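One structure is given below, encoded as structure tokens.
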Amino acid sequence: MVYISQPLHLRCLLRLATTTACLAAVAVCMLGWVPPAQAQASGNLPALGEATVDELSLTAERRLGRSVFHQIRRAGVILDDPELEDYLQAQSWRLLQTAVAQGQLLAGTSLPPEAFRLFALRDRSINAFALPGGYIGVHTGLVIQSQTESELMSVLAHEIGHVTQRHISRMIGQQRQSTGVMMAAAVLAALAASSSPDAAMGLLSLGQTVAVRDQLSFSRDAEREADRVGLSLLEGAGFDPQGMRALFERLSKAYRFAESDAPGWLRTHPLTTERITDVGSRLQLRPPATAVVDAIEFAWLQMRLRVHQDASVDGLRRIEAEWGAALAAPDQAAPQDRARLLYGLGWAALAARQADKGLLLVQDLLNTIGGLSPLEQASLSPMAARLEQALQMAKGQWSVAIRLGDQVSTSHPHSISSRIMMREAGQSAMASGAHNDALGRAQTYTAAFPQDLEGWRLLGRSAEASGRPVIASLAAAEAYALLGAWAAAIEQLERGRRQPESDFLILSKIDARLATFRTELLNEKPPSPAR
């Protein structure tokens, strides 16, 4: 279920939240049922398919989760950070493969591992949430505040546990005959809260706040079951299961006397004494775990996210003072610590628009990385190159940025930095006026990463600049499809089909995508009321 979390950084949520038609659409999505009197007026609501009274079918659950994900994406609240997203996806894949091995995900009766989608939201709060169908959102505040990687993974393992045990689909299936509208209102109210408390309260007027929270909170039995599954997944995937207890105890102690200020994850996953004791008891039955070392990328991502979290003038000064002092301290002589601090200071220099200073830090960083082990170099060199690429782009050094992107995509294609550097190489080619080069790069990129919205937007811009309107229409259609705007996607394809440059291959692709998008649009329409 979607968890109420405050605040969220939004740009265009108010327009979404105050649109009656949009609220009605999400409400009926969450309900999975259309009153006959409203069926024809609603227009574009997903038909959830057959489901039992007490549980959504897998098809219905996936379609519902995708619909809500599209709503959130259209609101502009999902953080465009391929590096962080690929890290979360890679580490959660370890948990999901463990779920398969342990029988938590069974073919035909559970969502397949590849159906799970991890995405990030820029927000200070310590929170994560699961949508139906395996969509899991992670607030950057959770990543930053986790003291170890295993603490972060314990939350993701817990959320995966809710999905594998089908807690979400059962809640929706049981409640959709009476509380679907209230639950849908909570989805949008949670997103609107930080931008406009008045708007949030207006949405929640569809149901009482306490009742909404009850609908969005799992039962004690479900929480314990998710904890049990999460612990098993953590251990099986090679993370430290003690990370779950450490996080629980730290959060419980910090917010014991300030419930109103507690992070969203605590408000929707109450940490009762019984629950913490249950986790501790389960851990006592396990043999002592071997030492677990965090992935080195984890600490580096935390540094960059801290810079982005507070990029104000005062915030950057505090960061530079803190990390600069740590860098000069005698106990920071270890190359790993020095490299991490230089990396963070480089991003701080970029945020402060001091690209030349940042490039000097990068040179020191690269020299420091050269003294690390080959394994550490393989992990960190691409991330350092990503920082250098961003600094070179800030200086307008497009050819250097392109070269760096090509180097990493060739030498470290599986790095979490590879995807964003490929895309930024295309952006640099576009900015330099090399539109045909940008077009070729964007075509290669979207073929490799078809779920990347910004990749399709780059393809559209480069195609327009290169005088290829058919390709531009195809790219616009794919971008609209990633937003769930099927009618707009169909319109773009039909426009492209009318272009004189269309050849057989392009027309064949357009026709295939038209068939797909028309089916998606048809599936979103509610069934006609019985006469």
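Every number in this text was worked out from the coordinates using simple rules, so none of it is lab data. If you're wondering where the values come from, they're calculated on a predicted model, not measured in any experiment. Here Cβ is always computed from backbone atoms with ideal geometry, including for glycine, and neighbour counts include all displayed protein chains.
Of the peptides 431-443, 510-522, the ranking by mean beta-carbon count within 10 Å, highest at the top, reads 431-443, 510-522. Near the amide H of Phe239, within less than 5 Å, lie no amide hydrogens of residues on another chain or at least 5 residues away, with H placed in the peptide plane. Taking label positions 7 Å along the Cα-Cβ direction at both Asp80 and Asp511, the computed distance is 3.5 nm, reported to one decimal. Using only the C-alpha atoms, the convex hull of the stretch 403-452 corresponds to 66 Å³ per residue. Spin-label model, Arg353 to Glu491: label points 7 Å out along the Cα-to-beta-carbon direction sit 3.7 nm apart.
Can you tell me the FRET efficiency between Ala90 and Leu483 if r is taken as the Cβ-Cβ distance and R0 is 22 Å, rounded to the nearest 0.05?
Working: r = 25 Å, r/R0 = 1.15.
Given R0 = 22 Å and the Cβ-Cβ separation, E is 0.30.
Placing R0 at 51 angstrom, the Cβ-Cβ distance between Arg318 and Asp278 gives a FRET efficiency of 0.80 after rounding to 0.05.
Normalised by the number of residues in the stretch 402-503, the average gap of Cα pairs under 8 Å and 6 or more apart makes the relative contact order 17 percent.
Quick one: if the Förster radius is 60 Å, what FRET efficiency do Asp364 and Leu522 give, using the C-beta to C-beta distance and rounding to 0.05?
In this case the efficiency is close to 0.55.
Students often check this: by mean Cβ neighbours within 10 Å, which of 222-231, 354-363 ranks highest, and how do the rest follow? Each step should come with its number before you reach the end.
Numbers: 222-231: 21.0, 354-363: 18.1.
So the peptides 222-231, 354-363, ranked by packing, come out 222-231, 354-363.
Averaging Cα coordinates gives a centre for the stretch 369-408 and one for the stretch 105-137; these two points are 30 Å apart.
Quick check: net charge around Arg386, other residues with Cβ under 15 Å of its Cβ, Lys/Arg +1 and Asp/Glu -1?
On the way: positive: Arg304, Arg340, Arg403, Arg419, Arg423; negative: Asp80, Asp81, Glu83, Glu85, Asp86, Glu297, Glu388, Asp406, Glu424.
Local charge sum for Arg386: -4.
Spin-label model, Arg403/Phe449: points 7 Å from Cα along the beta carbon direction are separated by 2.3 nm.
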